[in-house]
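What follows is a set of notes on a single structure, which appears directly below.
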Amino acid sequence: MRTDVVVIGAGQAGLAASRCLVDHSIGHVVLERGQVANSWRTERWDSLRLLTPNWLSRLPGWSYEGADPDGFMSKHQFVEHLDRYRHSFNAPVRSETEVESVRSHSGGYRVRTSQGEVDARAVVIASGANGQPRIPGIADEMPSSIRQLPSMHYRNVGQIEDGGVLVVGASASGAQIADELARAGRDVTMAVGSHTRIPRRYRGQDTFTWLESSGILDDLWVDEPDIAKARRVPSLQLVGTDKGRDLDLNALASVGVRLVGRLVGLSGTQLQFSGSLANTIASADQKMHRLLTRIDRTADQLGIGATEDRPPSTLLPEPCLGIGLAAFATIIWATGFRPNYPWLEPHLLDRRGAIVHEGGAMLDPGLFVLGLPFLRRRKSGFIEGAGCDATDLMQPLLAHLDTVHAS
């Protein structure tokens, strides 16, 4: 098969790219290893809702039109949202098609898949940032009596055996899972590493309303002094349920979650935790206050939003540097993901296996990537941001197609 563009992945980023290509009458195919929105269908827990309000689920030519714009779609509702989007412009999706390699071929690229080969003049990689779970080496030292699973394999409380649960990681996934387990009466300990604290609401509005109106979401990658660091910022400690409910460490402690420092080792039958929890907490609080100060400036300039007290400082838990393994029946690793692109040529990846790119344009002409954190703007990792990035990348993509055609 021949086409102008191959898009790899049929999540929000891949479908956004497809819609933009349709708008420009560019022939293309979208290759998806499973079904549309596959990771939302298969790699999320049952109760998950979006962190972003429904109104911020805009994509090129598409927006939320339901009755609850300030609510938060469940994962099932969001899958339906993307399914409707796909059918609204008849995206040419090939489901159950696994990509096996992408190689230069005859001035373009040959994409080998489980369903045959596709030749194209350009390729857009939109397979997402969540490759393989990043499980620390200490996991190999755990006794077989402790069940271990990455957060992407967690589904619900009923899946977890009786006994104590250690959740490793305090970003969005770890915080939400620990909260759900604790509210169900489970004995939960959380090992807290670097995290991004942010209130659900501030000055009478959902914080995302302020992030948009202040321009923070539209901060551009070219203006960021350390873009590599900005792209590694942990996901937000937020939950998309119970409007106005915060999900910071104070909230977790209030429902019984025991907070300890970062997991650093195993000595005999004792898990060891870092003594730097106070510094970690202070850093997260400080960054939150810097963000709220920027929001305050915007609110004051616009003359909107009631003055509101800042969220209280995070209460420091009693120091704990070790807990016996016998306290835990389950460990949930909410420790992020490693890049996973085995079908790309090595020179396109950095030493960690991540795609090397400049605002979405990869090293080789005609290769582009979408759906990564802070790809082109701070909101790139959110739904609408993927759509904005797709729109931006059409200009260099179309210029490349014109160059190839001319040659």
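The values are calculated or read from the model by the stated rules, or taken from the named source; none is laboratory data. Everything quoted here is computed from the prediction, not taken from an experiment. Cβ placement follows ideal geometry from the backbone for every residue including glycine, while neighbour counts extend to all protein chains displayed.
Out of (1) over 30 Å from GLU358 (Cβ atoms); (2) at pLDDT below 95, what's the single condition that is false for VAL165?
(2)
Just checking, how many residues over region 363-380 are touching a residue at least 24 places away in the same chain (Cβ under 8 Å) and surrounded by fewer than 19 Cβ atoms within 10 Å (Cβ to Cβ)?
Residues that pass the stated criteria total 3.
Out of ARG58, ARG41, which single residue is surrounded by fewer than 18 Cβ atoms within 10 Å (Cβ to Cβ) and within 22 Å of ASP23 (Cα to Cα)?
ARG58
Within region 306-318, identify whether any single residue is touching a Ser or Thr at 6+ places or on another chain (Cβ under 8 Å), at pLDDT below 95 and either basic (Lys, Arg) or closer than 19 Å to PRO53 by Cα (or both), and answer yes or no.
No, because not a single residue in region 306-318 is touching a Ser or Thr at 6+ places or on another chain (Cβ under 8 Å), at pLDDT below 95 and either basic (Lys, Arg) or closer than 19 Å to PRO53 by Cα (or both).
For GLN272, all conditions in the list (1) within 27 Å of ALA13 (Cα to Cα); (2) without any contact (Cβ under 8 Å) to a residue 60 or more places away in the chain; (3) part of a strand (DSSP E or B) hold save one; what is the number of the exception?
Condition not satisfied by GLN272: (1).
Among the residues of region 121-156, write down those that are part of a helix (DSSP H, G or I), among the aliphatic types (A, V, I, L, M) and buried (at least 21 other Cβ atoms within 10 Å of the Cβ).
Correct list: empty.
Within region 338-355, does at least one residue satisfy the condition of being in a helix (DSSP H, G or I), farther than 24 Å from ALA175 by Cβ, among the charged types (D, E, K, R) and without any contact (Cβ under 8 Å) to a residue 60 or more places away in the chain? Before the answer, list the steps.
So the first thing to find is which residues in region 338-355 are in a helix (DSSP H, G or I), and the list is 346-348.
Still in the running and farther than 24 Å from ALA175 by Cβ: 346-348.
Those still in the list that are among the charged types (D, E, K, R) too: none.
The answer is no, given that none of the residues of region 338-355 is in a helix (DSSP H, G or I), farther than 24 Å from ALA175 by Cβ, among the charged types (D, E, K, R) and without any contact (Cβ under 8 Å) to a residue 60 or more places away in the chain.
Mind checking which residues of region 321-359 are at pLDDT below 95 and closer than 17 Å to LEU252 by Cβ?
none
Being outside any helix (DSSP H, G or I) and out of contact with any strand residue (DSSP E or B) (no Cβ under 7 Å at 6 or more places or on another chain) narrows it down to one of PHE368, PHE374, so name that one.
Matching residue, one of PHE368, PHE374: PHE374.
Would you check which residues across region 173-208 are part of a helix (DSSP H, G or I) and out of contact with any Pro (no Cβ under 8 Å at 6 or more places or on another chain) and list them?
SER173, GLY174, ALA175, GLN176, ILE177, ALA178, ASP179, GLU180, LEU181, ALA182, ARG183
Could you please tell me which pairs satisfy a Cβ distance under 9 Å, a separation of 6+ or placement on different chains, a first residue in region 193-210 that is aromatic (Phe, Trp, Tyr) and surrounded by fewer than 19 Cβ atoms within 10 Å (Cβ to Cβ), and a second residue that is at pLDDT 95 or above and part of a strand (DSSP E or B)?
Sorted first by the residue in region 193-210, then by its partner, the list stays empty.
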